[in-house]
Amino acid sequence: MVSIGDLLIDAGVARNQLDECRGLASTSGESIDRILLQREYLDEPTLLQVYAKHLGYEYRESLEGMRVPGDFVDQIPIQFARNYNLVPIEITEDNVVKVATCTPLDPHPMDDLSALLGVEVDAVLAPRLEITGLIGRAYRHKADGIDEALDAVSEDDDIGSMAAEIDEAEDVLNVSNKAPIIKLVNTVLFQALKMRASDVHFQPYADRMQVRFRIDGILYDMDSIPRRVQDAIISRVKVMGKMDIAERRLPQDGRATIRLGDGEVDVRISSIPTSDGERIVMRLLDKTSKLYTLDEIGLTAENQKTISSYLDYNHGIILVTGPTGSGKTTTLYASMSQIDTSQKNVLTIEDPVEYALGGVSQVQVNTKKGLTFATGLRSFLRQDPDVMMVGEIRDLETAEVAIRAALTGHLVFSTVHTNDATSTITRMVDQGVEPYLVSSSIVLIIAQRLVRTNCKHCTIRVPITDEWRVKLEKVGMDLDQMKGEVAVGQGCEECFHSGYSGRTAIYEIMPVDEELRTQIMEGTSATVMKRSAVQRGLITLREDGRHKILDGATTADEVLRVTQLDMD
């Protein structure tokens, strides 16, 4: 039989590296596979395939679509599964549980799992990320210990000392040896991150505190927390955000960083006093979440080509517009990631800096120190920039600095809160900017909305009923193109029985051409400008939504929900 050493050398490990790792393993007590990975002498998939071949185990490159047996989730604490990276993936006909692991040289956790389940287990090797992802999906519908954490909170506990205990960056997975109130808040945050929530609400009522998560733009009621622990939770969250726990009559804002294993999440915290007590909202910004590119954010080929052509401009303003939470920042980042930073000097001023962009100098707004969008942008002009991004044009001062930058040979990206592309122009004029400056500086306006996408696990095509017919006609669909069917999510465990999972954007992309410039100078209304642009080929938000309904990506309900004010 070929030795494991020979197999590792065949896979690409040098003999001297193998000898080094063996020496370290004998002195440190750590397994040789861990040391090989730590030293980056071999990547994990290759290493696991070598051990699978040597030990006679099965190797699975992906665990996508695997279903974890319900008994496992009920019987095995999530802490055990996460600590040892173990998750069952199937049960054989002779009642042997196949368990995915990424540590083939550590048999003890497998033995413990076999004892806990009371059945025989068989190892299957899989990458660590695949295992942790499947564990997250398996446990996300479980209460995650919130009930247990609540039971541990006593009215006699010293709330002040419990609330004040905090690390620099709290790890929400670490709930052992923590005070009950800290464990409770960490457990709620862990559940929110697992369920892809963007916001966590602690909403007080006369008899309880309701926890609510915003997932894919929609609020869902989660656990109810007894009123007796309301003050303790509020104090704990305020301490996390370095807020004043004694001040209960005025709104406050705070920021915190929490850790989920190796990843960090920025948390923006807001508190307001209500008649039933203070209400807390926490906005979660996952720093480890994926940075999207232009071909991943729902753009049609034509729209993507249009945006890409404007990224090569050396001056002008590109504006992205839409309400809060419509994905404007994602579109800006996707656009800017396409700019060659090796040849261009790119600077951004944001509130807050949401994602790290490679090769880009990013500045955080600090109003207390006098660093606003306008002052930051003004300073950028002395930094020899090629491309600048200002998080939002909120006032006349910022607008004037952005326009001056655009007119002096810089490409400027920014956002505005308006309903559609043409109303962005009237908003700028209303802020006090001269029409001739608006027409000569803005080169492209991108209006957008986020719609939930049909769940890929439970979406089926069903015949168009009278109810669907009314909605489709209201959106303006050509029913002949639908061929009598519509794609609808039925609702399953994966999508919390909503029928939707994930989001995509619908767009209205309007280049500022000569005719539009003339209309801006003449003070034409937004309605007339839009009607004229549609005649020249503008695809409106609702029309882009129709394309996505036709493709089966979303539903008429979603397009109607986000385009009520759209002038089609």
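The values are calculated or read from the model by the stated rules, or taken from the named source; none is laboratory data. Keep in mind it's a predicted model, so treat the numbers as computed, not measured. Positions of Cβ are backbone-derived with ideal geometry, glycine not excepted, and every protein chain shown enters the neighbour counts. Side chains included, ligands, DNA and RNA excluded: accessible areas come from the protein's heavy atoms. Shrake-Rupley method; radii C 1.70, N 1.55, O 1.52, S 1.80 Å.
To put it simply, the accessible area of the range 429-548 at a 1.4 Å probe is 48 percent carbon and sulfur.
Where in the chain are the DSSP H helices whose C-alpha atoms run 20 Å or more along the long axis and whose mean Kyte hydropathy is at least 0.5? The partial results should precede the final answer.
On the way: long enough: 180-194 (21 Å, 1.09).
Span-like helices here: 180-194.
I need the shape label for the range 354-473. Rule: rounded when a/c is under 1.5, else prolate if a/b > b/c, else oblate, with a, b, c from the alpha carbon gyration tensor. Intermediate values should be presented prior to the final figure.
Working: a/c = 2.91, a/b = 1.88, b/c = 1.55.
Taking the square roots of the gyration eigenvalues as a ≥ b ≥ c, the range 354-473 is prolate.
Scanning the chain for GluC sites (Glu not before Pro) in DSSP loops with at most 14 neighbouring Cβ atoms within 10 Å leaves 248-568 as the longest stretch between them.
Think of a 1.4 Å ball rolled over the protein heavy atoms: the chain then has 46 Å² of accessible area per residue. Pairs spanning more than 20 Å between alpha-carbon atoms, out of LYS305/LYS548; LYS53/LYS98; LYS474/LYS548; LYS305/LYS328; LYS305/LYS471: LYS305/LYS471. Along the chain, the exposed loop sites are trypsin sites (Lys or Arg not before Pro) outside DSSP states H, G, I, E and B with at most 10 other Cβ atoms within 10 Å, and the longest stretch free of them is 1-248.
Placing unit charges on the Cβ atoms of the charged side chains and taking the dipole of the chain about its Cα centre, the candidate lying farthest along the positive direction among VAL433, THR453, GLY376 is VAL433. All distinct Cα pairs of the chain go into the 1/r average, and the inverse of that average, the Kirkwood radius, is 27.2 Å.
To the nearest 20 Debye, how big is the dipole of the chain about its Cα centre, given +1 on the beta carbon of each Lys and Arg and -1 on that of each Asp and Glu? Each step should come with its number before you reach the end.
On the way: 61 positive and 88 negative charges, 305 e Å.
That gives a dipole near 1460 debye.
Remark: the ALA356-GLN383 segment gains 7.7 nm on full extension, using 0.36 nm per residue and subtracting the alpha carbon distance. If you count the DSSP beta bridges with both ends in the chain, what percent of them are antiparallel, to the nearest 5? The antiparallel fraction comes to roughly 65 percent. Going by the alpha-carbon gyration tensor, a ≥ b ≥ c the square roots of its eigenvalues, is the range 208-254 rounded (a/c under 1.5) or, if a/c is not under 1.5, prolate (a/b greater than b/c) versus oblate? It is oblate, given that a/c is not under 1.5 and a/b is not larger than b/c.
Overall, the range 1-55 carries a charge dipole of about 100 debye about its Cα centre when +1 sits on the Cβ of Lys and Arg and -1 on the Cβ of Asp and Glu, all other atoms neutral. Modelled spin-label separation between SER532 and HIS417, with each label point placed 7 Å from Cα along the Cα-to-Cβ direction: 2.9 nm. A straight line joining the Cα centroids of the range 203-237 and the range 20-84 runs 38 Å.
Once backbone amide H atoms are built at 1.01 Å from N, MET389 has LEU347, THR348, ILE349, PHE413 as its partners under 5 Å, excluding neighbours fewer than 5 places away on the same chain.
Ligands, DNA and RNA excluded, the heavy atoms of SER326 present near 0 Å² of accessible surface to a 1.4 Å solvent probe. Spacing of the modelled spin labels on HIS457 and LYS368, each 7 Å from Cα toward Cβ, amounts to 4.3 nm.
Here the range 419-568 is assigned +1 on the Cβ of each Lys and Arg and -1 on the Cβ of each Asp and Glu. Its dipole about the Cα centre then comes out at about 240 debye.
Between the range 326-397 and the range 94-110, the C-alpha centres lie 49 angstrom from each other.
Cysteines in the chain lacking any other cysteine Cβ under 4.7 Å from their own Cβ: CYS21, CYS102.
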